1. Any residue at all in region 109-116 that is at pLDDT 95 or above and in a helix (DSSP H, G or I)?
2. May I ask you to verify whether Gln3 is within 24 Å of Leu386 (Cα to Cα), polar (S, T, N, Q) and surrounded by fewer than 19 Cβ atoms within 10 Å (Cβ to Cβ)?
3. Being outside any helix (DSSP H, G or I) and among the acidic types (Asp, Glu), is that true of even one residue in region 372-381?
4. Among what's in region 41-71 and is surrounded by fewer than 20 Cβ atoms within 10 Å (Cβ to Cβ) and of a type in the set (D, E, K, R), pick the residue that is farthest from Ala280 (Cα to Cα).
5. Looking at region 299-337, which of its residues are in contact (Cβ under 8 Å) with a residue 12 or more places away in the chain and not in a helix (DSSP H, G or I)?
6. Within region 259-300, can you find the residues that are of a type in the set (A, V, I, L, M) and more than 22 Å from Gly358 (Cα to Cα)?
7. Would you mind stating whether Gly167 is touching a strand residue (DSSP E or B) at 6+ places or on another chain (Cβ under 9 Å), at positive phi, not charged (D, E, K, R) and not in a helix (DSSP H, G or I)?
8. Please determine, by comparing only the residues of region 149-166 that are under 21 Å from the mean Cα position of the chain (by Cα) and open to solvent by less than 20 Å² (accessible area, probe 1.4 Å), which one is farthest from the ligand (Cβ to nearest atom).
Amino acid sequence: MDQNEQLFERARRCIPGGVNSPVRAFRAVGGTPRFVQRAQGAYFWDANGKRHIDYIGSWGPMILGHGHPAVVEAVQKAVLEGFSYGAPTEREVELAEAILALMPSMDMVRLVSSGTEAAMSAIRLARGATGRSKIIKFEGCYHGHADALLVKAGSGLATFGNPTSAGVPPEVVQHTLVLEYNNVAQLEEAFALHGSELACLAIEPIAGNMNFVRASLPFMQRCRELCTQHGALLVFDEVMTGFRVALGGAQAVYARAIPGFAPDITVMGKVIGGGMPLAAFGGPRAIMEQLAPLGPVYQAGTLSGNPVATACGLATLAEISKPGFFDALSASTRSLVDGLSAAAQAEGLPFNADCEGGMFGFFLLPELPHNYAQVMKTDSPRFNKLFHGLLDRGVYIAPALYEAGFVSSAHSANDIAQTVEAAREAFKTLQN
Ligand SMILES: *Cc1c(COP(=O)(O)O)cnc(C)c1O
C-alpha cells in the first residue's frame, strides 16, 4: 500500500468515509483520494510526494495559487496579534468596505464563516424582510447544506420539494420550490401560481455545482423582472463566482449585458476568505437593517469576522484588485479551455467547454448543457477514465463530472501546456 492508501485506510477508521466533505472521497470516480502534504503556487504534493497541477484550488478560494507571499505575510502578522476575540475589529470593517467597493449592489454586508451559513442566513433574511415563506431554487444549484435547501423537485409546480438528505423532515422543505435552470416558461408559471407568497429566488448565476452552466441572459432578465414585479428578492449565490469570474462577480458580468442589472441579496464565500473560513452576505441598507441587533431577523457567530481570516481575505482581495489581474487570469483560463477543446477535437471526441474569469467547465457532450438533466447525460465511465488519465499524469481536476474547475494566477503558460499535453494523451485512451 502506498502512503495515500495507508492514510485513507486510517482515515476511514476515525472519520466517516475517511473525509470531512463527501466529494473528497472519490466515490464517483473510484480509486484512492490523494492526501495533500503541502501546496505551493499551482501545485500540491500528495502523501507519496507526487506533484499535481491543481485545478481545484480548495474548490475556488485559491485564486492566487497556494502560499502567495503577500497573503502569507498578512496571515503571519495577524496570527501574532491573536486568533479570535469575539469582539469587533478594524480589520473586519476594512474587509466589509473592500467588499462593498467591489460589488455596488450592496450597501451593507455581514461576515460569517462558511458559504452554507451565508446562504442559510440570506434565506432567513429574505423571509424576514418580506414576511413570506416560500422560496425558489433551481435543480443543480448548490447553496450549502442548510435543511431547507437540500431538496429536489416534487411532482409538478403545485407541489413543493422532497428532501435529498435523510434527516430533513418533509415539512422543512415544503416551502421550497425547485425549478429547472434556464427554463423561462416554467419560471413564469411558478410566479403566476405562487408569486405573492415568494420570499426569494436563489440562484447560482453561473452554476458551478453542475460543472459550469450559465444562466442565459433572457432567463436572468426574467428572474429579475418577475422578482421585482411580485415583491420577491433575487438572491445571487456568488459563493463560487464572487471575485472569481470577474472582480465584481457574476453580477458584474450580467450587468455588462443587462444595463442596470443587480441582485437584491448577494451571498459570498470561497475567494473572500482566500482559503480561510470566511463568507458573507449583503444587500441594500433597508434589507440588511432587518438583521439583529437592528432588526428582528436573528443571526450570529462566535468566529464571524475572525481576525486571521479577515487578514487573509483582505490580502487576497488586494492582489486580485490590481490592474490587469483578471485580464491575465481570464486569458490563462481561456488558453486552457481552447487547448483542451482542440486536443479533444483532434481525437474526434464529443467535447464542449466554457469559462469566465478563472472558472471553467468542460463536458464530454456534443453541445454545451443548459440545465442539470443535460449535464447528467455525460457518459460517466468515460469521464472517470479521463479523470484518472489526468490524475496519473499529475493533473488534478474535480473528482466528479458535475463540478467546475479553477485556474489561479499561479498557473503558468507552461503548466497549462503540460495540462493540455496530459489531456491529449488521456483523450487517446477514451476512444474505445
Ligand atoms: C461552496 C458553495 C456553497 C457552500 O459553501 P461552504 O463554505 O462549503 O459551506 C454555497 N453556494 C455555492 C454556490 C457554493 O459553491
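1. yes
2. So Gln3 fits the description; yes.
3. Yes, region 372-381 contains a residue that is outside any helix (DSSP H, G or I) and among the acidic types (Asp, Glu).
4. Among residues in region 41-71 that are surrounded by fewer than 20 Cβ atoms within 10 Å (Cβ to Cβ) and of a type in the set (D, E, K, R), the one farthest from Ala280 (Cα to Cα) is Lys50.
5. Gln299, Gly301, Thr302, Leu303, Ser304, Gly305, Asn306, Ser321
6. Ile265, Ala286, Ile287, Met288, Leu291, Ala292, Leu294, Val297, Ala300 - these are the residues of region 259-300 that are of a type in the set (A, V, I, L, M) and more than 22 Å from Gly358 (Cα to Cα).
7. For Gly167, the condition - touching a strand residue (DSSP E or B) at 6+ places or on another chain (Cβ under 9 Å), at positive phi, not charged (D, E, K, R) and not in a helix (DSSP H, G or I) - is not met.
8. Val151
The values are calculated or read from the model by the stated rules, or taken from the named source; none is laboratory data. Just so it is clear, the model here is predicted, and its values are computed rather than measured. With ideal geometry, Cβ positions are generated from the backbone for all residues, glycine too; neighbour counts draw on all protein chains shown. When the accessible area is computed, the model is the full protein with side chains, heavy atoms only, and any ligands, DNA or RNA have been set aside. Shrake-Rupley method; radii C 1.70, N 1.55, O 1.52, S 1.80 Å.
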